[in-house]
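For reference, the structure is listed below as structure tokens.
The values are calculated or read from the model by the stated rules, or taken from the named source; none is laboratory data. These figures come from a predicted structure and were not determined experimentally. Ideal geometry is used to build each Cβ from the backbone, glycine not excepted, and the neighbour counts take in all protein chains shown. Please note that ligands, DNA and RNA were not included when accessible areas were found on the heavy atoms of the full protein model with its side chains. Shrake-Rupley method; radii C 1.70, N 1.55, O 1.52, S 1.80 Å.
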Amino acid sequence: MQFLKRLCTFALIMMENLYRESHRPGRIEVVCGSMFSGKTEELIRRLKRAKFAKQKVEIFKPSIDTRYSEVNVVSHDQTAIPSTPVDTSSTILLLSSDIEVVGIDEAQFLDNGLVEVCNELANRGVRVIVAGLDMDFKGIPFGPMPALCAIADEVTKVHAICVRCGALAYVSHRLIQNDKRVLLGEKTEYEPLCRDCYQKAIKEESLENGK
């Protein structure tokens, strides 16, 4: 009897959660942080939940991001979800008619028009979930991400673990000599570091380069 009560309670909670998920007003949710912090994993989790709630979901990513797949959004732990690659933010607006939830991965690689696009979608009643790096390898706010954080209804900052000391990571430190701001890479090109370890790494590199 007790088991049946618990089962009914669980079922009611699930139904209530799904109802809330499918009746959310337009909003912008931003998931940001350094590399290896679980941004894409969290994006995929929210999108799969929306799909489970029978909502119309569309996922987009920058076409330049082909690290794991040309068409799928893929997290570092290999969790994947189908997506539509786009070159410009305006394309997202064109392809989002009659959509209830829009997901955007690696938003830092898209143009600044993404801010207006997300605002327009949210004002239409669309739930917009955006994931991206908040800073580049130099610790400078990246692309449209700062403005997206400013207009978002909800911002979730996720953290990787510093590979040198185990503290919460602050930035994605580039391991190779290359000053291009946009450089796709993984663990051989980047490492998550806390603020203190990042400052030490920069000083070490300056000494090695004779600066």
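Expressed in Å, the radius of gyration and Dmax of the Cα atoms of segment 84-211 are 17.1, 57.
For segment 193-207, backbone nitrogen atoms closer than 16 Å to the point 7 Å from residue 165 Cα along Cα-to-C-beta are found at 193-204. Only protein atoms count toward the accessible area here, which uses a 1.4 Å probe; on segment 100-207, the carbon and sulfur part of that area reaches 52 percent.
Computed about the Cα centre, the dipole magnitude for segment 89-211 is approximately 500 debye when only Lys and Arg (+1) and Asp and Glu (-1) carry charge, each at its Cβ. Separation of the alpha carbons by more than 25 angstrom is noted, of 51/138; 48/138; 61/138; 61/200; 39/61, for 51/138; 48/138; 61/200.
With K and R counted +1 and D and E -1, the other residues having a Cβ less than 9 Å from that of residue 130 yield a net charge of -2. Residue by residue, segment 149-154 carries 3J(HN,Hα) couplings of 4, 5, 8, 5, 6, 8 Hz when phi is fed to the Karplus relation 6.51 cos²θ - 1.76 cosθ + 1.60 (θ = phi - 60°); x denotes Gly or Pro.
Model label points for residue 179 and residue 154, set 7 angstrom from Cα along the Cα-to-Cβ axis, are 4.2 nm apart.
Count charges around residue 90 for me, please; just the other residues with Cβ under 14 Å from its Cβ, Lys/Arg as +1, Asp/Glu as -1.
With Lys, Arg at +1 and Asp, Glu at -1, the net is -4.
Between residue 64 and residue 27, the simple label model (points 7 Å from Cα in the Cβ direction) yields a spacing of 3.2 nm. Distance between the pseudo-spin-label points of residue 206 and residue 84 (7 Å out from Cα toward the beta carbon): 4.7 nm.
In the context of the full set of protein chains, residues of segment 93-150 present 37 Å² of accessible surface per residue (probe radius 1.4 Å, heavy atoms only).
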